[in-house]
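These notes concern the structure reproduced below.
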Amino acid sequence: NWLNDYVDLSDLSAERIAELLSLHTAEVEGIEEVGAAIADVVVGEVLERAQHPNADKLSVTRVAYGADETVGVVCGAPNVRAGLKIAFAPVGSKLPGDLKIKRAKLRGEESCGMICSERELELSDEHGGILELPEDAPVGVPLVEYLGLKDFVLELDNKSLTHRPDLWGHYGFARELAAILGRELKPLKLAQVEREEAPAEPDGRFAIRIEDPESCRFYAGLEVSLEGEPGPSPAWMQRRLRAVGQRPIDLLVDLTNYLLLETGQPTHAFDRSKVRGDLIRVRRAEAGEKLTTLDDQERSLHGEDLLIADAEGGVALAGVMGGANSEVGPETETILLEAAHFAPTRVRRTAHRLNL
């Protein structure tokens with residue numbers, strides 16, 4: 001679906017696309033069907049809800065889900081109520097983790113199916129209640145179809161693409177397929193943002209000093225005011241990130257990851273208030289210098305490692321991982337957005353030595 005944003009693949013199966021790429025570009029090693037684990041789940045509607053006679057925290061409901069008859073379901077979610085559209089797993093269906101739904105009795109009441117939370121569907125980590133669907137969700141329609149979850153992930157060996165940096169993002173693969181198929185490549189979607197003309201000279205708020213130009217050809221930083229907490233990213237973005245193995249965090253972090261995966265260009269966001277001394281230095285680390293990375297591991301650095309530092313010390317390992325001391329959080333009001341080109345060999349050596 002992501003590739004289809006930029007080249008029309010609507011008439012081709014995932015298998016055919018994999019065949020074309022294997023013949024022309026690099027071997028596709030596998031195809032994973034996204035949404036297959038919840039293919040049995042359908043849109044349902046809670047018609048009735050009553051208190052369970054033998055349990056304070058359970059409800060007895062009656063659910064319609066497109067079958068000829070409605071069924072009774074016992075549910076422990078606090079937000080279950082009559083009239084709610086839900087994700088429903090009927091008896092005989094399977095959920096992620098190879099969980100098979102069976103007819104059961106819960107505290108004396110028969111339960112024929114399961115009303116699901118987002119975590120049970122592996123849509124997110126949310127499990128404080130059941131998934132609430134819009135009022136106009138059509139009862140009986142498969143959930144993957146209604147939410148647009150059906151997709152396929154093509155798995156390729158990264159080593160086969162190290163000589164093709166144009167293929168390090170989805171847009172590059174869309175370009176490749178457009179060339180193979182002789183089809184139009186749609187332009188990247190770029191937001192047009194009204195802002196003041198960029199100053200011809202640095203405005204003095206912070207300075208960037210590249211002290212190892214052989215290891216860093218280019219480094220740019222842009223201050224961006226968030227004007228409020230980042231909040232969550234849109235559901236469609238979270239679905240795409242999860243499909244390719246990324247864990248959604250918040251809108252800001254997800255945007256940087258999404259941009260990387262779409263264009264192949266890494267970016268990194270620092271909390272601007274945690275950059276000390278209004279200075280960014282791109283320098284070699286001192287032997288034995290310490291940096292705690294975003295995974296809360298203290299790293300002992302080598303003199304060959306490239307470090308992003310402020311006036312007082314390291315804030316990130318160039319091209320590898322950010323530092324915990326400049327991490328963006330809910331309290332962040334302004335970020336410093338980094339876009340740079342670091343020498344690939346130096347980045348790779350550091351990542352390999354630190355097993356990151």
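Before moving on, here are some points about what is shown:
- Put a dot 7 Å past the Cα of residue 31, heading toward its Cβ, do the same for residue 186, and the two dots end up 2.2 nm apart.
- The structure-derived value of percent of Cα pairs over 26 Å apart appears in the list (i) 62; (ii) 57; (iii) 52 under the label (i).
- Taken one residue at a time, the phi angles of the range 3-20 give Karplus couplings (6.51, -1.76, 1.60, θ = phi - 60°) of 4, 5, 4, 10, 8, 6, 10, 4, 9, 10, 7, 4, 5, 5, 5, 4, 5, 4 Hz. Gly and Pro are set to x.
- Charge tally in the Cβ shell below 14 Å around residue 70, where Lys, Arg are +1 and Asp, Glu are -1, residue 70 excluded: -3
- Scalar couplings 3J(HN,Hα) for the range 39-54, obtained by applying the Karplus form with A = 6.51, B = -1.76, C = 1.60 to θ = phi - 60°, are 5, 7, 7, 10, 6, x, 9, 7, 7, 9, 9, 9, 5, 5, x, 10 Hz; x denotes Gly and Pro.
- Nonlocal amide H pairs with residue 86, under 5 Å, H built at 1.01 Å: 44, 45, 46, 133
- Long-range HN-HN contacts of residue 264 with modeled amide H, under 5 Å: 170
- Probe 1.4 Å, protein heavy atoms only - accessible area per residue of the chain in square angstrom: 56 Å²
- Phi angles of the range 316-332 translate, via the Karplus equation with coefficients 6.51, -1.76, 1.60 and θ = phi - 60°, into HN-Hα couplings of 6, 8, 3, x, 10, 7, x, x, 5, 6, 10, 5, 6, x, x, 8, 5 Hz per residue; Gly and Pro are given as x.
- Neighbours of residue 32 by Cβ distance under 10 Å: Lys/Arg scored +1, Asp/Glu scored -1, total -3.
- Among 63, 3, 31 the positive-end extreme of the charge dipole of the range 1-136 (Cβ point charges): 63
- Peptides 22-28, 282-288, 156-162 ranked from most to least packed by the mean count of surrounding Cβ atoms within 10 Å: 282-288, 22-28, 156-162.
- Unit Cα scatterers, Debye sum, the range 51-201: log10 I(q)/I(0) for q = 0.10, 0.14, 0.17 Å⁻¹: -0.60, -0.82, -1.00
- Computed on the range 239-356, the Cα convex hull volume stands at 106 Å³ per residue.
- When each of the peptides 215-226, 245-256 is scored by the mean number of other C-beta atoms lying within 10 Å of its residues, the order from highest to lowest reads 245-256, 215-226.
- Cα-based helix-to-principal-axis angle, 344-353 vs the chain, degrees rounded to 10: 60 degrees
- Relative to the dominant Cα principal axis of the chain, helix 251-263 is inclined by about 70°.
- Using the Cβ of residue 118 as centre and a radius below 15 Å, the other residues enclosed give a net charge of 0, where K and R count +1 and D and E count -1.
- Put simply, the amide H of residue 152, placed in the peptide plane, has neighbours under 5 Å in 34, leaving out anything fewer than 5 places away on its chain.
- Per residue of the chain, the DSSP helices (runs of n ≥ 4 H) give a summed -39500 (n - 2.57) that works out to -5000 deg cm²/dmol at 222 nm.
The values are calculated or read from the model by the stated rules, or taken from the named source; none is laboratory data. Keep in mind that what you see is a predicted model, and the values were worked out from it rather than measured. Using ideal geometry, Cβ is built from the backbone for each residue, glycine included, and neighbour counts are taken over all protein chains shown. We work out accessible area using only protein heavy atoms, side chains counted, and drop any ligands, DNA or RNA first. Shrake-Rupley method; radii C 1.70, N 1.55, O 1.52, S 1.80 Å.
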